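Peer 1: Next up is a structure, given as structure tokens.
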Amino acid sequence: MDKTVQIMDLDVNIIDIDYFCRKIEGYLENDQLNVILLASSQLFKEAAGNEYLRGLIARADALVPGEKTVLSFYHADLLQQGGIIVNYNSLADVLEYLKKKHYTVYIVAREQNESDYIKHFVEEREYNISVIGERMEQEFEDDAIINEINSLSPDILLVDLDTPLQEMWIMEHSTKVNVRLCVGLGGIMRQVMNEYKKPPDLIRMLHLTWLYNKFCFREKLFRVKSEKIFRRAVKEYKSRKGMKNED
């Protein structure tokens, strides 16, 4: 299954995990750059009144739900039960599918701790992926980054920057980088790190990780709050759009 729904006039892919895995595999076998953006509530907030940003987002090959919040009007839990991608957790399924081959990754991130988190995720779980380079936002020198990426020639470029800088950077350099797949993670990385905080050493030494996770895993609480905010934002967007159409 692969179709799109319009959320605040942006086409969001509703796609099952198996098909998405095969699609990613195809991207990694062709000779042109394909761009995937993970849709977050922050992305929609920034794009609501920014036509330039909306144009950049539309250039992506896929806009995939990065958090359940963006599917607030589409019964996200039921979609998930049917094998549809509803948030970033599906990335683990993609990496598991791809591990039959060895792939290389280059990371462009806003902060070192976020880059370290990504490296830990892709390398420590035996996905057969190697991180061969990284650059932080404060180190940005476009020519130097592009030259380094092209000299290393990674299979995948992971970009973790704030919207709209992330989308601007990706699309501005899309014709310059020697990469087959670029994935924009910026909208969801802080949420991921907030939801899955590593237990302190003392907690692990006392074998209380299960208790720590029980009280510190806040995905459901975060989602209830964020869905209310997102639903309100969608309604306000539709209201503004309706008033403009009447004019």
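Rule-based calculations on the coordinates, nothing more; no lab input. As the structure is a computational prediction, the values presented were derived from the model and not from experiment. Virtual Cβ from ideal backbone geometry, glycine too; neighbours counted across all protein chains shown.
Peer 1: Could you work out, for segment 25-100, what percent of all Cα-Cα pairs fall into each 10 Å distance bin, beginning at 0 Å and stopping at the bin that holds the largest distance?
Peer 2: 17, 41, 33, 9, 0
Peer 1: Order of 37-50, 120-133 by packing, highest average Cβ count within 10 Å first?
Peer 2: So the order, starting with the most tightly packed, is 37-50, 120-133.
Peer 1: Here's another thing I want to ask about it. Given Cβ point charges of +1 (Lys, Arg) and -1 (Asp, Glu) and nothing else, what value in debye, to the nearest 20, does the dipole of segment 2-187 about its Cα centre take?
Peer 2: 500 debye
Peer 1: Here's something else I'd like to know. By average Cβ neighbour count within 10 Å, what is the ranking of 184-190, 16-22, 152-158, 231-237 from highest down? Intermediate results must be reported in sequence, preceding the final value.
Peer 2: Numbers: 184-190: 24.6, 16-22: 16.0, 152-158: 19.6, 231-237: 13.7.
Packing order, densest peptide first, comes out as 184-190, 152-158, 16-22, 231-237.
Peer 1: Go through Leu56, Tyr74, Ser130 and say which Cα lies farthest out towards the positive end of the charge dipole of segment 2-187; charges sit on Cβ, +1 for Lys and Arg, -1 for Asp and Glu.
Peer 2: Tyr74
Peer 1: Once you have the Kirkwood Rh of the chain from its Cα pairs, apply Stokes-Einstein at 20 °C and 1.002 mPa s and quote D in µm²/s. Let's see the in-between values first.
Peer 2: Values: Rh = 19.1 Å.
The estimated diffusion coefficient comes to 112 µm²/s.
Peer 1: Nearest 5 is fine: what % of DSSP beta bridges in segment 2-187 come out antiparallel, could you say? Don't skip to the end; give the middle numbers.
Peer 2: Details: 7 of 31 bridges.
Here the share of antiparallel DSSP bridges comes out near 25 percent.
Peer 1: In a solvent-free Debye calculation with one equal scatterer on each Cα, what is log10 I(q)/I(0) for segment 98-172 at q = 0.12, 0.20, 0.22 Å⁻¹, listed in the order of the q values?
Peer 2: For segment 98-172 at q = 0.12, 0.20, 0.22 Å⁻¹, log10 I(q)/I(0) is -0.32, -0.87, -1.02.
Peer 1: Rounded to whole Å, give me the distance from the Cα center of segment 83-105 to that of segment 1-48.
Peer 2: A separation of 14 Å, based on Cα centres.
Peer 1: Sticking with this one: Per DSSP H run of n ≥ 4, the term is -39500 (n - 2.57); total these for the chain, divide by its residue number, and report the mean residue ellipticity at 222 nm rounded to 500 deg cm²/dmol.
Peer 2: About -14500 deg cm²/dmol.
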